[in-house]
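As structure tokens, the structure follows; a few thoughts come after it.
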Amino acid sequence: MENILQVKNLVKSFKDGDHLKKVLNEINLDIPKGQFLSIIGESGAGKSTLLYQMSLLDVPTSGNISIFGKSTDGMNIKEQAKFRLNNFGYIFQDSSLIKELNVLENVKLTLLAKGISNKKAEEMSKETLSKVGIGDLINRYPSEISGGEQQRVAISRAIVGKPSIVFADEPTANLDHVTSEKVMVELKKISEELKITIIMITHELKYAQKADRIIEISDGNILSDSVIKK
Amino acid sequence: MFNVVRTAWFLATKYFSKFSKWTSALIIFVIALTFLNLVVVSGLLVGLIEGSVLGIKELRTGEVFITPTEQNQHIKKYNELFSVLDNNKNIKGYAPRYVSDARLYKDYKTSIYRRAGEVDVDIYATVTGIDIEKEKDFFELDEKIIEGRWFVDTDVNSVILGNRLTASVDEELFTDERVLGDVKPGEIIEIQFENNTSAPQKFQVIGIINSKQPEYDYGIIIPSRELRGILGQSALLGPDNIGVRISNNVEPAVVIDSIKASTDSTLINVRSAEDSIGKYLGNIRKTFVLLSNALGTISIVVVTVMLFIVIFISAITKQRQIGILKGIGISPLTLKLSYMFLSFMYTFVGVVIGVLILVFLLIPYFDANPIDFPFSDGILFVTLPGLITKIFLLFVMSIFAGFLPAHLITRRNTLNTILGR
Ligand SMILES: Nc1ncnc2c1ncn2[C@@H]1O[C@H](COP(=O)(O)OP(=O)(O)OP(=O)(O)O)[C@@H](O)[C@H]1O
Ligand SMILES: [Mg+2]
């Protein structure tokens with residue numbers, strides 16, 4: 001299958017006092033289109049750092065990331081932002097909703113930025129919100145809904161524009177088990193029904209196992225890479 | 001670009017409607033006050049001068065003012081001049097005045113205004129001989145009578161006294177001035193005219209005038225037919241000035257040119273009201289404009305800083321949110337514009353409230369209650385171009401105060417702001 005995202009010899013170092021600390025050590029990774037990939041590993045292993053590089057929120061120290069077979073090396077900040085808007089969806093760990101916007105407006109915001117008409121944007125947003133089971137909350141503000149509901153709004157926002165890849169950094173970290181379960185069900189559904197590529201970091205093995213493939217990171221290296229048999 | 005503006009506007013309206021109500025009210029209040037400060041302070045300062053110019057024009061000079069040239073004490077060949085004025089279709093009317101000096105006496109045995117060692121009260125004053133009909137018709141001088149009445153045709157030996165010569169003015173301000181005492185209409189004063197060697201003549205005061213024109217308020221007014229009778233030959237030398245009223249839709253310059261064309265420029269000066277008032281008021285006006293500009297600049301700076309701080313703090317507390325928005329692909333320009341629009345909305349509402357207060361409260365108020373200054377009725381002088389300039393300045397200010405703080409926040413590293421580092 002065709003690779004949607006390719007990581008080649010990816011290195012990321014941070015200044016630690018007066019020497020450089022390598023957080024990612026020559027990572028190589030191919031992610032096929034439509035795959036649901038989960039990344040596990042202990043705290044400080046470099047999972048988030050890897051995700052930020054792949055999702056163009058950060059710039060690698062060396063190495064290369066290609067998306068749709070095209071290197072992202074030469075992109076400037078503006079191009080990156082546009083690329084993220086048009087191709088990526090993000091689900092962050094904590095609530096990342098805009099508190100001045102209600103649920104519907106939070107979801108439709110990126111559609112407006114893409115130039116979709118307000119009417120169409122609202123239609124698409126409502127449809128997506130219903131799909132993740134919170135179609136009745138569209139007029140609530142983020143402060144008026146639960147953490148799990150907020151995450152489902154975040155999921156809606158991430159997928160409403162039909163992105164190629166959704167990045168999720170511990171989307172269930174702050175949720176209880178029941179709610180986490182619901183969020184995972186939604187992610188799984190997205191992967192299966194919409195065929196969106198999902199790259200998700202998690203601490204919980206049982207959630208990782210919902211994915212098609214698990215990679216484990218340790219100390220900046222890929223420790224294991226396994227495909228889940230269905 | 002359209003998407004950027006649209007998304008920014010969408011965000012701004014949400015920020016605006018979700019901003020703390022009290023903070024919003026306060027910001028809008030301060031902006032409205034700043035606007036009023038800009039308009040009203042300068043409007044009143046300049047209004048003092050404008051009011052004074054207006055008063056001079058309405059009561060004395062008219063749109064066109066004719067005076068003798070420096071070499072001449074009086075307007076010569078005035079009969080020819082009168083017929084030139086009479087035949088000019090653009091002239092509604094004119095009023096010639098004959099000015100003389102006189103010494104006034106009043107009630108010298110009982111006056112409390114007598115100074116130590118003085119046996120009687122006497123003061124020097126200007127006498128203006130006027131055409132009672134023309135002053136009434138074209139300059140409405142009769143409306144400035146505060147006690148008593150205006151002249152009628154049958155009046156003999158009657159004068160109108162300037163209120164500055166009576167005791168009813170604030171003596172604190174004018175301790176060095178001599179006044180006649182508390183003269184009431186009906187009382188008799190004695191006048192000895194300049195170049196008139198006979199004994200002082202008795203006149204009845206029929207009215208007191210308060211026109212805020214020193215020529216009248218510090219003098220006495222008498223019908224010119226009477227003055228001519230008293231002074232005989234000397235008054236026939238000619239009027240000392242002529243105030244000319246012109247038709248509404250005619251430029252003074254047009255009338256001036258046509259008068260000049262048919263008269264002798266070595267005998268008379270023909271000038272617009274503004275030119276004849278001279279540099280003095282113009283200089284005060286400049287000073288006032290400068291002063292109000294200085295005050296206005298300060299208030300603009302203050303309001304800019306205030307808005308800047310409000311927006312900056314609001315943006316700083318939303319740093320993570322801004323990071324997330326950038327993260328999901330909303331361009332920094334969109335975010336900067338959204339804060340600019342937010343600041344713009346505050347300014348807009350503030351200015352609208354300010355304009356409403358100005359138009360429906362302050363302007364009618366000052367029109368109905370002009371500020372009572374010794375030399376003029378202070379009006380609130382507001383011009384449309386002036387108003388537009390100030391509104392424009394406020395909007396420029398708001399763009400700056402909204403864009404800059406957002407710029408400072410959005411240029412921070414996206415990931416760092418999302419992660420709060
Ligand atoms: N901006 C930075 N400057 C310096 N060190 C950093 C920076 N970002 C990350 N690190 C370090 O890099 C290492 C990996 O961090 P990362 O956030 O990728 O870990 P993680 O695997 O996501 O851990 P967790 O499960 O706790 O989220 C850590 O040791 C962290 O301290
Ligand atoms: Mg992490």
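The values are calculated or read from the model by the stated rules, or taken from the named source; none is laboratory data. Since the structure is predicted, the reported quantities are computational estimates derived from the model, not experimental observations. Backbone-built Cβ (ideal geometry, glycine too); neighbour counts: all protein chains shown.
Condition first: over 19 Å from A:I91 (Cβ atoms) and either near ligand 1 (Cβ under 6 Å from one of its atoms) or crowded, with 17+ Cβ neighbours inside 10 Å (or both). Now tell me which residues in segment A:32-61 satisfy that.
Of segment A:32-61, the ones over 19 Å from A:I91 (Cβ atoms) are A:32-33, A:42-46, A:59-61.
Those that are over 19 Å from A:I91 (Cβ atoms) and either near ligand 1 (Cβ under 6 Å from one of its atoms) or crowded, with 17+ Cβ neighbours inside 10 Å (or both): A:S43, A:G44, A:A45, A:G46, A:P60.
For the list (1) farther than 30 Å from A:Q53 by Cα; (2) of a type in the set (F, W, Y); (3) within 14 Å of chain A (Cβ to nearest Cβ), I need the number of the one condition that B:F344 fails.
Result: B:F344 passes all but (3).
Are any residues in segment B:374-421 within 14 Å of another protein chain (Cβ to nearest Cβ) and either of a type in the set (G, A, S) or touching a Cys at 6+ places or on another chain (Cβ under 6 Å) (or both), and if so, which ones?
B:G420
Taking segment A:4-18, which residues are modelled with pLDDT under 90 and in a strand (DSSP E or B)?
Passing the criteria: A:K15, A:D16.
Of the residues B:V244, B:V250, which is of a type in the set (A, V, I, L, M), in a strand (DSSP E or B) and within 28 Å of B:I379 (Cβ to Cβ)?
After ruling out the rest, the residue left standing is B:V244.
Output the number of the condition that B:G229 fails; it satisfies all remaining conditions of (1) modelled with pLDDT of 90 or more; (2) surrounded by fewer than 20 Cβ atoms within 10 Å (Cβ to Cβ).
Only one criterion is unmet by B:G229, namely (1).
Can you pull out every residue in segment A:107-123 that is more than 10 Å from every other protein chain (Cβ to nearest Cβ) and under 20 Å from the mean Cα position of the chain (by Cα)?
Once the filter is applied, which keeps residues that are more than 10 Å from every other protein chain (Cβ to nearest Cβ) and under 20 Å from the mean Cα position of the chain (by Cα), segment A:107-123 yields only A:V107.
Only residues that are touching a Gly at 6+ places or on another chain (Cβ under 8 Å), outside any strand (DSSP E or B), at positive phi and away from ligand 2 (no atom under 11 Å from the Cβ): list them for segment A:22-72, please.
none
Pull up segment A:181-203, narrow it to residues that are within 16 Å of ligand 1 (Cβ to nearest atom) and either touching a Ser or Thr at 6+ places or on another chain (Cβ under 7 Å) or of a type in the set (S, T, N, Q) (or both), then point me to the one that is nearest to the other protein chains (Cβ to nearest Cβ). Let's see the steps before the verdict.
Taking segment A:181-203 first, the residues within 16 Å of ligand 1 (Cβ to nearest atom) are A:199-203.
Subset that is either touching a Ser or Thr at 6+ places or on another chain (Cβ under 7 Å) or of a type in the set (S, T, N, Q) (or both): A:200-202.
Values: A:M200: 16, A:I201: 14, A:T202: 18 Å.
Here the answer is A:I201.
Do we find that B:F392 is of a type in the set (F, W, Y) and touching a helix residue (DSSP H, G or I) at 6+ places or on another chain (Cβ under 9 Å) in this structure?
Numbers: of a type in the set (F, W, Y): yes; touching a helix residue (DSSP H, G or I) at 6+ places or on another chain (Cβ under 9 Å): no.
Taking the combined requirement at face value, the residue does not satisfy it.
In segment B:255-305, what residues are assigned to a helix (DSSP H, G or I), among the small types (G, A, S) and either within 16 Å of B:L38 (Cα to Cα) or touching a Phe, Trp or Tyr at 6+ places or on another chain (Cβ under 9 Å) (or both)? Outline the logic, then answer.
Restricting attention to segment B:255-305, the residues satisfying the condition of being assigned to a helix (DSSP H, G or I) are B:255-261, B:273-277, B:279-305.
Within this subset, residues satisfying the condition of being among the small types (G, A, S) are B:258, B:261, B:273, B:276, B:282, B:292, B:294, B:296, B:299.
The answer is B:A273, B:S276, B:S292, B:A294, B:G296, B:S299.
For residues that are within 11 Å of another protein chain (Cβ to nearest Cβ) and under 13 Å from the mean Cα position of the chain (by Cα), tally how many sit in segment A:50-84.
Residues that pass the stated criteria total 7.
Suppose we keep only residues that are more than 15 Å from ligand 1 (Cβ to nearest atom) and not in a loop (DSSP other than H, G, I, E, B) within segment A:204-223. Which one would you say is nearest to the other protein chains (Cβ to nearest Cβ)?
Per the criteria, the residue is A:R213.
Which residues, counting only those in segment A:11-31, are of a type in the set (A, V, I, L, M), near ligand 1 (Cβ under 9 Å from one of its atoms) and away from chain B (no Cβ under 14 Å)?
So the first thing to find is which residues in segment A:11-31 are of a type in the set (A, V, I, L, M), and the list is A:11, A:20, A:23-24, A:27, A:29, A:31.
Checking which are near ligand 1 (Cβ under 9 Å from one of its atoms) leaves us with A:23-24.
Matches in segment A:11-31: A:L24 only.
Does segment A:76-84 include one or more residues that are touching a residue at least 24 places away in the same chain (Cβ under 8 Å) and out of contact with any Leu (no Cβ under 9 Å at 6 or more places or on another chain)?
No: zero hits.
Do any helices (runs of 4 or more DSSP H) entirely within segment B:352-421 hold 3 or more residues that are buried (at least 17 other Cβ atoms within 10 Å of the Cβ) and within 16 Å of ligand 1 (Cβ to nearest atom), and if so, which?
Per the criteria, B:414-419.
Which one is farthest from B:L337 (Cα to Cα), of the residues in segment B:11-41 that are within 14 Å of another protein chain (Cβ to nearest Cβ) and free of Cβ contacts under 8 Å to residues at least 24 places away in the same chain?
Step by step, filter segment B:11-41, then rank; the result is B:K21.
So, A:G147, is that one closer than 21 Å to A:E170 by Cβ and at the interface with chain B (Cβ under 9 Å from one of its Cβ atoms) or not?
In short, no.
Looking at (1) surrounded by fewer than 20 Cβ atoms within 10 Å (Cβ to Cβ); (2) within 10 Å of A:V103 (Cα to Cα), can you tell me which one A:I116 breaks?
(2)
Collect the residues in segment B:369-421 that are at pLDDT 85 or above, within 20 Å of B:I313 (Cα to Cα) and among the basic types (K, R), keeping them in residue-number order.
B:R411, B:R412
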